[in-house]
1. If you take the residues in segment 83-119 that are assigned to a helix (DSSP H, G or I), more than 12 Å from the chain's Cα centre (by Cα) and small (Gly, Ala, Ser), which one is farthest from the ligand (Cβ to nearest atom)?
2. Output the qualifying pairs, or none if there are none: Cβ atoms under 6 angstrom, residues six or more apart or on different chains, first residue in segment 22-43 and free of Cβ contacts under 8 Å to residues at least 40 places away in the same chain, second residue outside any helix (DSSP H, G or I) and within 9 Å of the ligand (Cβ to nearest atom).
3. Modelled with pLDDT under 95, of a type outside the set (D, E, K, R), more than 16 Å from the ligand (Cβ to nearest atom) and touching a Gly at 6+ places or on another chain (Cβ under 6 Å) - does that describe any residue in segment 195-202?
4. Regarding segment 16-34, can at least one residue be identified that is within 16 Å of the ligand (Cβ to nearest atom) and more than 21 Å from Ile114 (Cβ to Cβ)?
5. In segment 18-57, how many are in a helix (DSSP H, G or I), more than 16 Å from the chain's Cα centre (by Cα) and either more than 20 Å from Arg8 (Cα to Cα) or among the polar types (S, T, N, Q) (or both)?
6. Just wondering, is there one or more residues in segment 64-80 that are within 16 Å of the ligand (Cβ to nearest atom), part of a helix (DSSP H, G or I), touching a helix residue (DSSP H, G or I) at 6+ places or on another chain (Cβ under 9 Å) and modelled with pLDDT of 95 or more?
7. Please go through segment 132-164 and pick out each residue that is part of a helix (DSSP H, G or I) and among the hydrophobic types (A, V, I, L, M, F, W, C).
8. Looking at (1) outside any strand (DSSP E or B); (2) in contact with a helix residue (DSSP H, G or I) (Cβ under 8 Å, 6 or more places away or on another chain); (3) within 15 Å of the ligand (Cβ to nearest atom), which one does Val129 not meet, given that it meets all the others?
Amino acid sequence: MEIMQGKRTAILSAAAFAQHVNACEAIHLDIGTGDGRYAIHLAQANPQWLVIGLDACRENLISRSRNAPANALFIIANAGNLPVMLRGTAARVTVNFPWGSLLDGLLTARSSVIGGLAAACLPGARIDVLLNGGALAQAGRSLFDGACQMRDNLADAGFDVLRSANLDAAALRDIPTSWAKRLAFGRDPQGIHLTAAARARIHAACARSE
Ligand SMILES: C[S@@+](CC[C@H](N)C(=O)[O-])C[C@H]1O[C@@H](n2cnc3c(N)ncnc32)[C@H](O)[C@@H]1O
């Protein structure tokens, strides 16, 4: 897997990744991590976890990966083609304010993004997806329709969707990601928070989508 450490990239071997995994209590995977602010926040707040921030755009990761805590890893990868090493590892997954191909993948039933996400989860893993109206409008959807589509796609991939909650400006201000702050003070401060849990048979579901 290709990882980012400041301006430098390196290849993390399976053996080195296994050492990280063995040293932690649980893995949290933040897909589309952007500048990594949320991943660093989680790693500092939960030193016993391994927090993996993953993004397709390496430039986003340069600044915060430079002085990341030892329990945070930043991986450069496309969510539609997740590294095989991540399979069956994550107890928690977040996708905060997806846009572009990440959002398109979540909106498309049985896409490689949905299949990869399901494959990365341990049975019972919790996934939280935060959506914002502007990104969905750019994808030609309303916030509500996009959230409904995503809920159906997650259910089809082997997740139980537990909750869907509206986010207003005050709620967005409290979320420790860079994009949440930007949205909270922007023109359209509204979003939806979906929470789901991976069913025990999730791997059968994700195998179907490959
Ligand atoms: C709006 S930003 C949100 C960043 C961060 N989660 C936050 O809340 O501040 C969306 C991020 O998704 C990433 N992204 C888009 N498509 C992706 C893909 N297919 N795979 C991985 N990351 C992707 C972008 O590079 C960008 O950093």
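The values are calculated or read from the model by the stated rules, or taken from the named source; none is laboratory data. Computed from a predicted model, the values in this text were never measured in an experiment. Backbone-built Cβ (ideal geometry, glycine too); neighbour counts: all protein chains shown.
1. First, pick out the residues of segment 83-119 that are assigned to a helix (DSSP H, G or I): 84-86, 100-106, 112-119.
Then keep just the ones that are more than 12 Å from the chain's Cα centre (by Cα); that gives 84-86, 100-101, 104-105, 112, 115, 119.
Among the residues that remain, those that are also small (Gly, Ala, Ser) are: 100-101, 105, 112, 115, 119.
On the way: Gly100: 4, Ser101: 4, Gly105: 6, Ser112: 9, Gly115: 13, Ala119: 15 Å.
Top of the filtered list is Ala119.
2. Sorted first by the residue in segment 22-43, then by its partner, the pairs are Gly36/Gly53; Ala39/Asp30; Ala39/Thr33; Ala39/Gly53.
3. At the first step, the residues of segment 195-202 found to be modelled with pLDDT under 95 are 199-202.
Those left that are additionally of a type outside the set (D, E, K, R): 200, 202.
With more than 16 Å from the ligand (Cβ to nearest atom) added as a condition, the list becomes 200, 202.
Then keep just the ones that are touching a Gly at 6+ places or on another chain (Cβ under 6 Å); that gives 202.
Yes, there is a match, as at least one residue in segment 195-202 is modelled with pLDDT under 95, of a type outside the set (D, E, K, R), more than 16 Å from the ligand (Cβ to nearest atom) and touching a Gly at 6+ places or on another chain (Cβ under 6 Å).
4. no
5. Going residue by residue through segment 18-57, those that are in a helix (DSSP H, G or I) are 18-22, 37-45.
Among the residues that remain, those that are also more than 16 Å from the chain's Cα centre (by Cα) are: 18-22, 44-45.
In the following step, the residues that additionally are either more than 20 Å from Arg8 (Cα to Cα) or among the polar types (S, T, N, Q) (or both) were identified as 18-19, 21-22, 44-45.
Total satisfying the criteria: 6.
6. Checked against the condition, which is being within 16 Å of the ligand (Cβ to nearest atom), part of a helix (DSSP H, G or I), touching a helix residue (DSSP H, G or I) at 6+ places or on another chain (Cβ under 9 Å) and modelled with pLDDT of 95 or more, segment 64-80 yields at least one hit.
7. Step one: filter segment 132-164 for residues part of a helix (DSSP H, G or I), giving 133-138, 143-156.
Within segment 132-164, Ala135, Leu136, Ala137, Leu143, Phe144, Ala147, Cys148, Met150, Leu154, Ala155 qualify.
8. (1)
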